[in-house]
Amino acid sequence: MHLLTEKILRLLINCILLSLLLFSFTASLAKTTLEALPHRGDQSIIAAIHSAKKNIQITMYGFTDEKIAKALIQQHASGVYVQLLIEREPYKASGENSHIIQQLKTAHIAIHYASSKFSLTHQKTILIDNKQALILTGNFTYSGFYRQRNFIVNTNNADIVESLHRLFIADWNQTDYSLSQDSSLVLSPDNSWEILRAFIHGTQQQLDIYALELTDKRVIRELLKKKPGVIIRIITSSPKNIAQKNTLCRQHIEVHQLKKLQQHAKALLRDYNYGNVLAYVGSANLSYPSLSKNREAGLLFSDKTAITKLYKTFETDWKNSDSVC
């Protein structure tokens with residue numbers, strides 16, 4: 001009896017060790033990459049859609065891209081379950097999505113309109129087979145892919161994918177969603193302001209920001225509280241979209257406007273060369289509605305290759321921009 005108990009205990013220990021090894025191995029395989037648009041346009045999105053074997057779940061604000069619609073219809077016809085959660089009336093673009101929605105409905109693709117409990121569903125995410133997640137700063141539009149500076153974060157991190165899947169199901173069914181405290185997801189209206197406030201506050205040396213809009217007084221207040229010696233650089237679409245621009249400039253916070261591309265990205269990068277490196281890429285503008293009223297989704301990450309790509313893109317854009325201070 002004693003030997004049997006000892007064998008069972010040894011077996012349990014071996015199972016636990018095997019589980020830990022498998023967990024460690026799986027975690028080491030997790031990969032997050034960053035793509036800067038408009039280099040490849042909509043090619044990577046179409047490739048991701050065609051890679052799906054079982055299901056595709058999309059949450060999208062603006063959708064006019066015919067090639068992406070065609071890819072979704074083809075996948076649906078081949079047996080892949082496609083779901084699209086979409087904003088009914090994009091701000092100042094009423095009816096923008098109607099043509100594509102009608103195409104997809106005719107093909108019998110499952111479509112739900114976004115919940116009215118959010119001011120807007122401005123989120124832009126794609127889930128492939130519950131194994132891969134793509135988080136975008138731009139919409140499924142020609143401008144979003146070919147004229148604007150945007151980013152796509154692509155990750156197979158199981159925790160992130162599972163959290164986004166649960167979010168999709170909750171918003172699809174218009175039920176409550178509970179975000180885990182240790183998640184790398186940055187969601188509005190759940191935690192965006194709190195996370196980005198801590199992100200800014202934690203900057204030790206340098207903060208680089210892509211901002212389509214910077215109008216939230218809370219964010220501006222945090223930027224103005226920067227520690228002595230901290231460098232803050234902002235690339236925007238237009239100086240008109242930066243509240244208190246003159247005040248920021250007087251506090252030596254540099255604001256530039258991109259020259260050749262339209263600046264549409266929403267991203268922050270802190271302390272690239274200083275050991276405290278962290279990045280955020282997502283759909284949320286630095287405005288009160290985006291951070292506290294809309295449904296938005298973004299991601300915190302520190303993957304070296306993705307971080308380096310973001311940094312080099314920012315440096316290139318900074319050289320190809322003009323100061324508005």
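The values are calculated or read from the model by the stated rules, or taken from the named source; none is laboratory data. These numbers come from a predicted model, not from an experiment. All Cβ positions, even for glycine, are placed from backbone atoms using ideal geometry, and neighbour counts span all protein chains on display.
Scan the stretch 195-212 for residues that are outside any helix (DSSP H, G or I) and crowded, with 21+ Cβ neighbours inside 10 Å and report the count.
If we filter the stretch 195-212 for residues that are outside any helix (DSSP H, G or I), which is where we start, we get 202-212.
When the remaining residues are screened for being crowded, with 21+ Cβ neighbours inside 10 Å, the result is 203, 207-212.
Matching residues across the stretch 195-212 total 7.
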**Test: residue in the stretch 75-87 that is exposed (fewer than 14 other Cβ atoms within 10 Å of the Cβ) and either in a helix (DSSP H, G or I) or among the β-branched types (Val, Ile, Thr) (or both)** = yes
**Prompt:** Under the condition of being touching a residue at least 40 places away in the same chain (Cβ under 8 Å) and assigned to a loop (DSSP other than H, G, I, E, B), which residue from the stretch 100-118 is farthest from Asp176 (Cα to Cα)?
**Reply:** Ala114
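Yes or no, residue by residue, for (1) of a type in the set (D, E, K, R); (2) touching a Cys at 6+ places or on another chain (Cβ under 9 Å); (3) closer than 15 Å to Trp318 by Cβ:
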residue: Pro189; (1), (2), (3): no, no, no
residue: Gln204; (1), (2), (3): no, no, no
residue: Glu213; (1), (2), (3): yes, no, no
residue: Val230; (1), (2), (3): no, no, no
residue: Arg250; (1), (2), (3): yes, yes, no
residue: Lys266; (1), (2), (3): yes, no, no
**Fill in**
Counting only residues in the stretch 109-139 that are more than 14 Å from the chain's Cα centre (by Cα) and surrounded by 23 or more Cβ atoms within 10 Å (Cβ to Cβ), the one nearest to Phe168 (Cα to Cα) is identified as Ala114
**Prompt:** Looking at (1) touching a helix residue (DSSP H, G or I) at 6+ places or on another chain (Cβ under 9 Å); (2) more than 17 Å from Leu164 (Cα to Cα); (3) at pLDDT below 95, can you tell me which one Ser115 breaks?
**Reply:** (2)
**Message:** Can you pull out every residue in the stretch 154-177 that is touching a Ser or Thr at 6+ places or on another chain (Cβ under 7 Å), outside any helix (DSSP H, G or I) and within 21 Å of Ala114 (Cβ to Cβ)?
**Reply:** Gln174
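Which of the helices (runs of 4 or more DSSP H) found entirely inside the stretch 230-325 contain at least 2 residues meeting this: under 21 Å from the mean Cα position of the chain (by Cα)? Lay out the reasoning, then the answer.
Working: elements: 245-250, 288-292, 304-319.
Filter on the stretch 230-325 gives 288-292, 304-319.
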**Prompt:** Of these, Val161, Val153, Val186, which one is aliphatic (A, V, I, L, M), over 15 Å from Glu296 (Cα atoms) and at pLDDT 95 or above?
**Reply:** Val161
**Request:** Return yes or no: is Gln174 at positive phi and surrounded by fewer than 20 Cβ atoms within 10 Å (Cβ to Cβ)?
**Result:** yes
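Evaluate the stretch 287-301: report whether one residue or more is of a type in the set (Asp, Glu) and surrounded by fewer than 21 Cβ atoms within 10 Å (Cβ to Cβ).
Initial filter on the stretch 287-301 (of a type in the set (Asp, Glu)): 296.
With surrounded by fewer than 21 Cβ atoms within 10 Å (Cβ to Cβ) added as a condition, the list becomes none.
Checked the stretch 287-301: no residue is of a type in the set (Asp, Glu) and surrounded by fewer than 21 Cβ atoms within 10 Å (Cβ to Cβ).
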